[in-house]
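Heads up, the thing below is written out as structure tokens.
Where a number appears in this text, it was derived from the coordinates with a stated rule and is not lab data. On a predicted model such as this, the values are computed, not experimentally measured, just so you know.
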Amino acid sequence: MKIVAFWLCAVLVIPFAITGILFGIFKEKATKFVAGFNTLSEEEQDLYDKAYISRDIRNQCFTWSAIMLIGAVLSYFVTPYMAILAYIVWLVLFFKDVHWDNHKAFEKYLLK
């Protein structure tokens, strides 16, 4: 059980970290991979701060990677239930930023 819990968290550390690194490297160009933002027209996209969007996604991915890494380590050394706690924390952070309306999802990134 300990190994399964460890791998359930550990398997997500690398994809989240790689995504964060890619958003850090490609900056504004990486916003074309942001769900919802890529469906906006070019004129609408120009109204938003693409660097801020990219930086925010990068930071989210690194945070998620750290949560899963901590969950993997704690589930291996303390108790397998720490993997469940890591997933709960990740889900709360993930769904905090989910919006059904594209304009509402990106309103904090509007250029002033």
- Query: Which ³J(HN,Hα) values in Hz, rounded to whole numbers, follow from the phi angles of the stretch 95-112 under the Karplus curve 6.51 cos²θ - 1.76 cosθ + 1.60, where θ = phi - 60° and Gly and Pro get x?
  - Reply: 6, 5, 9, 8, 10, 7, 9, 4, 5, 5, 5, 10, 5, 6, 9, 4, 6, 9
- Task: Name the aspartates and glutamates eligible as straight-distance cross-link partners of LYS29: C-alpha to C-alpha under 18 Å, and not fewer than 8 places from it in the same chain.
- Result: GLU42, GLU43, GLU44, ASP46, ASP49, ASP56
- What's the angle, to the nearest 10 degrees (0 to 90), between helix 50-77's Cα axis and the longest principal axis of the chain? 0
- Query: What residues have an amide H closer than 5 Å to that of TYR48, excluding those fewer than 5 places away on the same chain, when H is modeled at 1.01 Å from N in the peptide plane?
  - Reply: LEU111
- Message: Give me the three principal axis extents of the stretch 2-109 from the C-alpha atoms, as integers in angstrom, largest value leading.
- Response: 51, 27, 17
- Calculated from backbone phi, Karplus (6.51, -1.76, 1.60) coupling profile of the stretch 25-30 in Hz, x at Gly/Pro: 6, 8, 6, 4, 5, 6
